[in-house]
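Here the structure is laid out as structure tokens; the discussion comes afterwards.
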Amino acid sequence: MSAEAAIAWLGYARENLRTAQRAFQNGLLNPSLQKALQAVEKALKAVWVFHGQTVRKTHSIADLVEDLAAAGADAGSTLAQCHLLDSVYLPSKYPVESVLPERPVDTAAAGQCVGLAEQVCAWAAGKIAGPGRPWRWR
């Protein structure tokens with residue numbers, strides 16, 4: 001694929017991130033978590049596409065991080081922290097006492113996930129931007 005396709009993925013990631021930030025600021029924790037996860041997913045896929053790879057059809061952040069790590073992408077501890085997003089995703093979608101989640105989502109976890117989404121999106125934009133490929137995240 002092309003840089004243009006990667007930038008399109010980043011555009012979607014940015015929209016999801018902005019929605020996550022606004023939802024969190026308004027106390028809407030579940031939607032903020034869901035949008036944070038989607039922002040990270042799309043940002044990681046943007047980097048993958050930028051390097052000419054076919055997008056993997058998964059919503060698992062852990063799987064995407066493993067793919068990028070195997071391909072040599074280095075984001076330090078940022079990508080290593082992404083497992084947190086997978087751990088809160090189901091509880092953010094389904095009520096407590098349903099079949100899967102054990103606990104309600106709390107403000108600290110939501111804030112941490114939105115912050116992580118900001119870091120991953122900025123990292124992805126940095127991987128894609130470069131000479132001749134300007135990208136303004138904000």
Simple spin-label estimate for residue 107 and residue 18 in nanometres, 7 Å along Cα-Cβ: 2.6
Under 5 Å, built H, 5+ apart or other chain: amide partners of residue 81: none
Full-stretch length increase - residue 59, residue 84 - with 0.36 nm per residue and alpha-carbon distance subtracted: 7.6 nm
HN-Hα J in Hz across segment 56-68 - Karplus 6.51, -1.76, 1.60, θ = phi - 60°, x for Gly and Pro: 7, 7, 8, 10, 7, 5, 4, 5, 5, 4, 4, 4, 5
Distant-in-sequence amide H partners of residue 73 (H built 1.01 Å from N, under 5 Å): none
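Read-outs: derived from the displayed coordinates by stated rules, not from any lab. All values derive from a computational prediction rather than experimental measurement. We place every Cβ from the backbone using ideal geometry, glycine too, and count neighbours over all the protein chains shown.
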